Amino acid sequence: MVVKADTTDLRNLASTQAMVFKQAWIPLAQALYSIWRDKSYHAWGYEEFEQYLGQELGMKKSLAMKLIKTYFFVEQSEPKYLDITESDGIEAANIPGVDALDVLRKARAHKDLTREDYAKLRSNVFQKGKHEGLVAKELTALIKERKQVDPVEEREKRATKSINNVVHALHVFTKEMEILKTVSDEIVINADDLRKQIVKEAQ
């Protein structure tokens, strides 16, 4: 009879390390926030924050700013997240990583969303542990749903797009016909004159 070894300790270790992994960005973000805020990189011989990031940390500015903004958001709006430990009894699956929190940050800052919208997204992040990709899709759907569409503005956009398409088509036509000589020079000239007239009247 084969007796399987007790894997409880291994399971607990994986759960603990998953929590550590998901929150590992916090110390780095804290340091980057202080460096960026105080412009500490000047004292280290760097003129720009981006220069310091690339040469000393091998990090793109876009990633650093994402960490900084997300950390600031968490510190201001979700400070309890910074104090989560294993003793709180929260499952690793329900601890959001930096990407999910970044989506939540964008939701909090969006002027068209309601408090109820944010509360729903927050629940999906903190209580349900939804993947950041799913939360991002929900955020996009909510933004589209809440956005007030101006019918006049939409008509103007469609008209502008149509004009641009026609102008581009006429431009391509005249250039190709000048080379291919498929139609008479008069047609090419008239087509180019029409393009110029459309551009003039659309201004």
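At full extension, PHE21 and ILE143 could sit 40.8 nm farther apart than now, given 0.36 nm per residue minus the alpha carbon distance.
I need the trypsin sites (Lys or Arg not before Pro) found in the stretch 92-193, filtered to DSSP loop residues with at most 16 other beta carbons within 10 Å of theirs. List each step's numbers first, then the result.
Numbers: sites: ARG105, LYS106, ARG108, LYS111, ARG115, LYS120, ARG122, LYS128, LYS130, LYS137, LYS144, ARG146, LYS147, ARG155, LYS157, ARG158, LYS161, LYS175, LYS181; in loops: LYS111, LYS128, LYS130, LYS147, LYS181.
Those satisfying the criteria are LYS111, LYS128, LYS147, LYS181.
Residue exposure proxy: VAL166, VAL172, ordered by other Cβ atoms within 10 angstrom of their Cβ from fewest to most, comes out as VAL172, VAL166. Taking 0.36 nm per residue of separation and subtracting the Cα-Cα distance, full extension of the segment from ASN164 to GLU48 would add 37.8 nm. For the chain, the Kirkwood radius over C-alpha pairs fed into Stokes-Einstein at 37 °C and 0.692 mPa s yields D = 146 µm² per second.
Counting other C-beta atoms within 10 Å, and keeping those with at most 14, which DSSP coil trypsin sites (Lys or Arg not before Pro) do you find in the stretch 9-72?
Working: sites: ARG11, LYS22, ARG37, LYS39, LYS60, LYS61, LYS66, LYS69; in loops: LYS39, LYS60.
Sparse-neighbourhood loop trypsin sites (Lys or Arg not before Pro): LYS39, LYS60.
Find how much the distance from GLU91 to GLU75 grows on full extension, using 0.36 nm per residue of separation minus their present alpha carbon separation; answer in nm with one decimal. List each step's numbers first, then the result.
Numbers: separation 16, 0.36 × 16 = 5.76 nm, distance 2.15 nm.
Gain on extension, GLU91 to GLU75, equals 3.6 nm.
When you have a sec, figure out the Kirkwood radius of the stretch 97-148 from all distinct Cα pair distances and drop it here in Å to one decimal? Over the stretch 97-148, the inverse of the mean reciprocal pair distance is 10.7 Å. When you filter the GluC sites (Glu not before Pro) in the stretch 33-132 for DSSP loop state and at most 13 other Cβ atoms inside 10 Å of their Cβ, you are left with GLU47, GLU48, GLU91.
Listed by chain and number, the aspartates and glutamates whose C-alpha is less than 18 Å from the C-alpha of LYS196, apart from same-chain residues fewer than 8 away, are GLU176, GLU178, ASP185, GLU186.
Bear in mind these aren't lab numbers, they're just calculated from the coordinates by the rules spelled out. Values in this document were obtained by computation on a predicted structure and should not be read as measured data. No Cβ is skipped: glycine too gets one built from the backbone with ideal geometry, and neighbour counts run over all protein chains shown.
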